[in-house]
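The values are calculated or read from the model by the stated rules, or taken from the named source; none is laboratory data. For clarity, every value in this text was computed on a predicted model and none was experimentally measured. All Cβ positions, glycine included, derive from the backbone under ideal geometry; neighbour counts span all protein chains shown. All accessible areas refer to the heavy atoms of the entire protein, side chains included, with ligands and DNA or RNA removed. Shrake-Rupley method; radii C 1.70, N 1.55, O 1.52, S 1.80 Å.
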Amino acid sequence: AEVPVGDEVNAVAITPDGSRAFVTKPLAAKVGVLNITGDKVTYALDDDVPVGFNVYNIALTPDGTIAIAVNNTAHGNSASLTIIDATGMHPHSIDTVSVGDGPEGFAMAPDGKSAALILLHGGTSAHNDWTYHRNGGIVALKIDGQKVTVRPGEIPMGSVPEGIAKSR
């Protein structure tokens, strides 16, 4: 079945217990919350969580306590993560973490204690654009309960890195 959420959606994360889904709504700068009961899925606009501009990706910790939304922002500007308390009756943002320019690929570790985020650094911009940088990079995130921090250092990558996965 189709569940209208009022806006374009480009990513989804489902809680480990299957009771909720979080969907990124980039044009609205929000994350929609879908409640799942058996084969019934419901959506309420009032439950949308405001996040940063051009929210692009989302992941949940394996215990389902927090969702991390990746806000891509505009080329050449520092972007952010929105940390969402995914529990309780009304999921809501609890923190914003600055990550750098052009976050795209995002992967949560199976244990939920870390994640990796790819930064494009304007790699998809025209070569004569001020936002263009030939190479991207990867930053590591530390996840401690509901606190998310960017670990020091960035691993340089080649041109336009996009996808990433983490395994045990």
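Details
- Under the Debye formula (equal points on every Cα, no solvent term), log10 I(q)/I(0) of the range 1-131 at q = 0.21 Å⁻¹: -1.21
- For the range 59-168, the fraction of alpha-carbon pairs in successive 5 Å shells from zero, as %: 2, 13, 23, 23, 17, 11, 7, 3, 1, 0
- In order along the range 22-28, the phi-based Karplus estimate (6.51 cos²θ - 1.76 cosθ + 1.60, θ = phi - 60°) of 3J(HN,Hα) comes to 10, 10, 7, 10, x, 6, 9 Hz; Gly and Pro are listed as x.
- For the range 29-86: rounded, prolate or oblate by the Cα gyration tensor [a/c cutoff 1.5]: prolate
- Surface share of carbon and sulfur [accessible, 1.4 angstrom probe, percent] for the chain: 52
- In the context of the full set of protein chains, residues of the range 26-168 present 50 Å² of accessible surface per residue (probe radius 1.4 Å, heavy atoms only).
- For the range 51-64, Karplus couplings with θ = phi - 60° (6.51, -1.76, 1.60), whole Hz, Gly/Pro x: 9, x, 4, 6, 4, 10, 8, 7, 8, 10, 5, x, 8, x
- Between 13, 59, 74, the residue with the greatest mean-square fluctuation in the GNM of the chain (Cα pairs under 10 Å linked by springs) is 74.
- List 104, 2, ordered by accessible area with a 1.4 Å probe, largest first: 2, 104
- For residue 48, the residues 5 or more places off, or on other chains, whose built amide H falls under 5 Å of its own are 33.
- Computed over the chain with a Gaussian network model linking Cα atoms closer than 10 Å, the most mobile of 128, 35, 71 is 128.
- For the range 77-94, the Karplus equation 6.51 cos²θ - 1.76 cosθ + 1.60, evaluated at θ = phi - 60°, returns couplings of 10, 5, 9, 8, 10, 10, 8, 10, 6, 8, 9, x, 5, 10, x, 7, 6, 10 Hz by residue, with Gly and Pro reported as x.
- Cross-link partners of residue 40 among aspartates and glutamates (Cα-Cα below 16 Å; sequence separation of 8 or more within a chain): 2, 17
- In percent, rounded to a whole number, the relative contact order of the range 35-155 is 18, using alpha-carbon pairs under 8 Å and six or more apart.
- Pairs from 25/142; 113/147; 30/142 whose Cα-Cα separation, in the structure shown, is over 20 Å: 25/142; 30/142
- Each Lys or Arg adds one and each Asp or Glu takes one away; over the other residues whose Cβ falls under 13 Å from the Cβ of residue 139, this sums to -1.
- Taking 144, 39, 95 in turn, the Gaussian network model of the chain (Cα-Cα springs below 10 Å) assigns the largest fluctuation to 39.
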